[in-house]
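Q: Below you will find the structure I want to go over with you.
The values are calculated or read from the model by the stated rules, or taken from the named source; none is laboratory data. Just so we're clear, the structure is a prediction, and the values are computed from it rather than from any experiment. Note that we place each Cβ from the backbone using ideal geometry, even for glycine, and neighbour counts take in every protein chain shown. What goes into the accessible areas is simple: the full protein's heavy atoms, side chains included, and nothing from ligands, DNA or RNA. Shrake-Rupley method; radii C 1.70, N 1.55, O 1.52, S 1.80 Å.
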Amino acid sequence: MLSRIMSGSIRNLDREYDCTVRLLDDTEYTCTIQRDAKGQYLFDLICHHLNLLEKDYFGIRYVDPDKQRHWLEVTKCIAKQMKSQPPFTMCLRVKFYPPDPAALKEEITRYLVFLQIKRDLYHGRLLCKTSDAAMLAAFILQAEIGDYDPGKHPEGYSSKFQFFPKHSEKLERRISDIHKTELIGQTPETSELNFLQKAQMLETYGVDPHPCKDVSGNPAFLAFTPFGFVVLQGNKRVHFLKWNEVTKLKFEGKIFHIYANQKEIILTYFAPTPEACKHLWKCGVENQAFYKLEKSSQVRTVSSSNLFFKGSRFRYSGRVAKEVMEQSAKIKREPPEIHRAGLVPSRSCPSITHGPRLTSVPRTRRRAVHISIMEGLESLRDSAHSTPVRSVSHGDSFMPRSRSLATNASEGSAVISDEAYSPSDSVLPTPVAEHSLELAVARQVNGAPCSIEEEKESEAGTPSVGEAGDLTDSRAAVEGAGGASSLSEVEQVNKFVLSVLRLLLVTIGLLFVLLLLLIVLTESDLDVAFLRDIRQTPEFEQFHYEYFCPLRRWFACKLRWAGSLLINK
């Protein structure tokens with residue numbers, strides 16, 4: 001706490017701060033901002049740097065010293081939002097996924113969304129079956145290295161690039177076969193467009209997972225997509241609510257509630273921390289406003305509680321999806337030049353470029369380490385079944401999303417795959433700071449992407465070298481971030497005490513206001529029976545002559561003195 005106070009004092013002495021934003025192609029944009037600059041200023045600088053007009057789909061993300069993610073609010077001062085010392089470190093990411101990315105007006109926007117979805121594919125956020133995975137990876141190869149050339153691309157060339165958290169030699173051969181035979185002649189623009197169309201059909205398109213636990217203590221991932229609210233649990237998608245079915249989002253402490261208009265459904269989940277729960281709530285409020293409303297003038301300030309003296313208040317600032325598409329249709333300019341980055345080795349954790357795995361590692365060892373998690377994955381859309389949601393039970397599944405969002409009448413268990421949905425390294429964005437070459441080599445030899453702790457430290461601008469764990473530690477960190485199954489007894493007691501104190505303070509405040517109102521009424525000329533009775537009591541007469549009259553004379557004297565000063569001036 002002392003260090004934060006001191007850091008805040010140091011920041012206040014500076015008039016300008018250095019700020020670094022890592023873009024979607026892993027390049028960095030560095031600038032200097034004024035102390036009172038708002039988020040909109042920095043966001044406009046980046047969009048101008050990228051020559052980006054369809055900018056409403058994007059946002060700036062940062063991680064605080066407590067390893068909690070946040071979206072930079074454009075209406076607030078940047079320095080007041082950041083809890084770390086300058087220089088500030090952030091990332092540009094897709095905040096609102098386009099419902100149909102192939103329908104975006106400008107190619108520069110489609111390219112940036114392509115980079116984001118490619119990142120989602122690598123980090124496990126975009127789940128797909130093996131055939132879809134091979135096709136997506138082949139599109140990436142075609143877009144970034146061009147047609148297959150035997151002179152440039154030796155046998156096993158696709159194995160030097162990692163498009164997924166883990167994959168097998170069989171999948172590598174399938175990627176190479178598609179790239180060699182089916183995609184010849186496709187330009188980067190065409191390959192990226194085909195990639196977007198393929199990814200948009202997947203059930204986990206646009207999923208930015210928030211780790212939580214249900215009321216039974218089972219891990220789950222909550223997400224907001226262009227089509228609604230999704231809960232992924234184990235190898236099932238247990239709930240899906242379209243945006244027009246979601247009526248209210250609430251949170252209190254670590255508890256997150258979703259209200260739906262179907263038979264007054266209430267879903268309850270537990271976030272790891274109150275800060276994570278508030279971030280989840282704010283993301284839900286923004287996504288619901290962006291995708292559901294017709295006009296930005298319909299946006300209202302939302303409270304996390306039904307009581308006026310409790311909870312947080314938040315208002316989405318920006319245009320809604322329909323307005324964004326209408327505005328995009330009016331864009332008339334020469335297409336800006338796009339500088340595409342190819343698949344090249346990366347010194348840090350593979351992200352946008354998804355750097356190649358070390359060629360010095362024996363192939364048999366890679367085979368043993370890179371155990372395929374793509375084998376056996378079933379398509380969410382092909383295997384999910386719909387079952388009406390009745391309670392907070394995680395065993396009931398909800399209807400799958402199709403392109404028409406029609407309800408499937410069949411019932412049954414909505415099995416996604418043989419493997420559980422577990423985006424191990426997607427809880428936080430890709431790190432900004434560069435890691436050492438030795439750390440990257442160790443990670444690639446182990447066949448694992450960077451750990452969660454490394455991503456947290458790097459995103460916060462303080463890369464960790466000595467304290468980073470192995471893959472097991474990374475998995476444990478993710479599960480630890482999965483949240484508590486229920487509030488402990490101590491937390492329940494503290495929660496109850498805080499509620500009682502809050503209620504007591506509000507009650508005292510209301511009584512004080514009522515007392516002042518009663519005094520004003522009794523000292524007025526209102527001729528009411530109960531007021532006359534009060535005026536005739538000895539206690540009121542004593543109060544009137546000993547306290548009220550002197551206080552009234554004092555106020556009158558001060559008012560006359562202030563009036564004389566104004567007249568003299």
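Q: Any of Lys242/Lys332; Lys55/Lys160; Lys55/Lys292 with alpha carbons more than 24 Å apart? Name them for me. Before the final figure, lay out each step's value.
A: On the way: Lys242/Lys332 34 Å; Lys55/Lys160 34 Å; Lys55/Lys292 19 Å.
Pairs exceeding the cut-off: Lys242/Lys332; Lys55/Lys160.
Q: Taking one equal scatterer on every alpha-carbon of segment 104-173, how large is log10 of I(q)/I(0) by Debye at q = 0.15, 0.23 1/Å?
A: Values, matching the q order: -0.54, -1.10.
Q: So, taking all protein chains as they sit and a 1.4 Å probe, how much accessible area belongs to Ile508, in Å² rounded to tens?
A: Approximately 90 Å² for this residue.
Q: So between Leu526 and Lys170, what do we pick up on full extension, going 0.36 nm a residue minus the alpha carbon distance?
A: Roughly 119.1 nm would be gained on extension.
Q: Mind checking the dipole of segment 167-325: about its Cα centre, +1 per Lys or Arg Cβ, -1 per Asp or Glu Cβ, Debye to the nearest 20? Provide the component values of the computation, followed by the final result.
A: Working: 23 positive and 16 negative charges, 135 e Å.
In debye, rounded to 20, segment 167-325 gives about 640.
Q: Residues with amide H under 5 Å of Lys248's amide H, sequence separation 5 or more or different chain, H placed in the peptide plane at 1.01 Å from N; which?
A: The list, which skips near neighbours in sequence, is Tyr259.
Q: Now, a different point. Where in segment 228-271 are there GluC sites (Glu not before Pro) that are in a DSSP coil and have at most 14 other Cβ atoms within 10 angstrom of their Cβ?
A: Glu264
Q: Three principal axis extents, largest first, for the C-alpha atoms of segment 124-226, in Å?
A: Dimensions of segment 124-226 along the principal axes of its Cα atoms: 58, 27, 17 Å.
Q: Residue by residue through segment 98-110, which ³J(HN,Hα) values in whole Hz follow from phi under the Karplus form 6.51 cos²θ - 1.76 cosθ + 1.60 (θ = phi - 60°), with glycine and proline marked x?
A: Each residue of segment 98-110 in turn: x, x, 9, x, 5, 8, 4, 6, 9, 5, 4, 5, 4 Hz.
Q: Can I ask one more? Sort Lys152, Lys67, Lys118, Lys105 by heavy-atom solvent-accessible area, probe 1.4 angstrom, most to least. It would help to have the intermediate numbers written out before the result.
A: Numbers: Lys152 150, Lys67 55, Lys118 0, Lys105 95 Å².
The most accessible residue leads, giving Lys152, Lys105, Lys67, Lys118.
Q: Right, something else. For segment 164-194 and segment 503-520, what is the separation of their Cα centres, given in Å?
A: 71
Q: How much length, in nm to one decimal, is gained on full extension between Glu326 and Leu501, taken as 0.36 nm per residue of separation minus their Cα-Cα distance? Display every interim value, and only then the final one.
A: Numbers: separation 175, 0.36 × 175 = 63.00 nm, distance 4.98 nm.
Net length gain for the segment: 58.0 nm.
Q: Run the simple label-point estimate for Asn51 and Leu565 please: 7 Å along Cα→C-beta, distance reported in nm.
A: My value for the distance between the label points is 6.1 nm.
Q: Accessible area of Cys283, 1.4 Å probe, to the nearest 10 Å²?
A: Around 10 Å² of this residue is reachable by solvent.
Q: Quick check: pseudo-label points 7 Å beyond the Cα along Cα→Cβ at Asp18 and Thr247, how many nm apart are they?
A: Here the modelled spin labels are 5.4 nm apart.
Q: Let me ask something additional. May I ask you to give the average projected area over all directions of the convex hull of the Cα atoms of segment 6-129, in nm² rounded to one decimal? Let's see the in-between values first.
A: Working: hull surface 33.6 nm².
Average projection, Cα convex hull of segment 6-129: 8.4 nm².
Q: Let me ask something additional. Using a 1.4 angstrom probe on the protein heavy atoms only, line up Ile33, Ile184 by accessible area, largest first.
A: Details: Ile33 0, Ile184 110 Å².
So the residues, ranked largest to smallest area, are Ile184, Ile33.
Q: In nm, what is the difference between 0.36 nm times the number of residues separating Phe512 and Cys77 and their Cα-Cα distance? Could you put the intermediate results ahead of the total?
A: Details: separation 435, 0.36 × 435 = 156.60 nm, distance 3.58 nm.
Gain on extension, Phe512 to Cys77, equals 153.0 nm.
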